[in-house]
Amino acid sequence: MDIDYFELFVKLALGFAAFVLQISLAGRGNLAPSNAIDQLQNFVLGGIIGGILYNPSITTLQFFIVLLIWSTIVFGARFLANHNNLARRILIGQPHTIVHNGKIDTDFATRAGISAQELAFQLRQHGASNLEKVKRAVLETNGTLTVTLQNDPTAYYPVILDGQVDEDALDIIHRDRDWLDTQLESHHIEMSHVYMAIYQDNQLQITQY
């Protein structure tokens, strides 16, 4: 099979440009994927470039259009996830507390496919040899476990992320949405303007966009 090296070069350049563009516009999180969109973006983009690169029946223009379509889908999904709670839960998921004050949420663990052996291993890795010492263990969207031990002076709770409330974190600190709204009103800040709000040492630390 004869290979048109010039066309191969152009396709490689387009693939490289698409990858760099997606990283630049979407942030560098997809270099260390933290959710399903990051992982899927890399897998599919690699498959598109690898599958089309040596296929002479697919022209450079068709290759460019496929890259454009995939980039549009990725950025559209990211936009929805960042601006709509329902879309975020569907596309990315959300962190979930699997252990609270030494009590395991077995229903969630079963739904998430986490065995007792796997959970115990993850807790031991975080220095939690005694379940009663675990104040909170959160299963993150990338499948890792974040563990907070009892009486940990460095513990903090993100109650707002990207302008969206973490109801689970509010429940952990024994606060509700009315309390949070009052706190924001006292600072004359709208929810949509909050990049991150962290509750630590009985204080709410707010960072705006």
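Every number here is computed from the coordinates shown, using simple stated rules; none is lab data. Remember, it's a predicted structure, so these values are computed and weren't measured experimentally. Note that each Cβ is placed from the backbone with ideal geometry, even for glycine, and that neighbours are counted across all protein chains shown.
Volume per residue of the convex hull around the Cα atoms, evaluated for segment 5-90, comes out as 86 Å³.
Packing, as the average of other Cβ atoms within 10 Å across residues, places the peptides 91-102, 6-17, 152-163 in the order 91-102, 152-163, 6-17, highest first.
In the chain, the calculated helix contribution to ellipticity at 222 nm averages -15500 deg cm²/dmol per residue, counting -39,500 (n - 2.57) for every DSSP H run with n ≥ 4.
Hydropathy at least 0.5 by Kyte-Doolittle, axial extent at least 15 angstrom from the Cα trace: which helices of the chain, defined as entire DSSP H runs, fit? Each step should come with its number before you reach the end.
On the way: long enough: 5-26 (31 Å, 1.68); 36-53 (25 Å, 1.26); 60-83 (34 Å, 1.40).
Correct list, ordered by number: 5-26, 36-53, 60-83.
Going by the alpha-carbon gyration tensor, a ≥ b ≥ c the square roots of its eigenvalues, is segment 109-198 rounded (a/c under 1.5) or, if a/c is not under 1.5, prolate (a/b greater than b/c) versus oblate? It comes out prolate by the Cα gyration axes. Considering every alpha-carbon pair of the chain, the percent of pairs per 10 Å bin, from zero through the bin containing the longest distance, is 7, 26, 26, 21, 12, 7, 1, 0.
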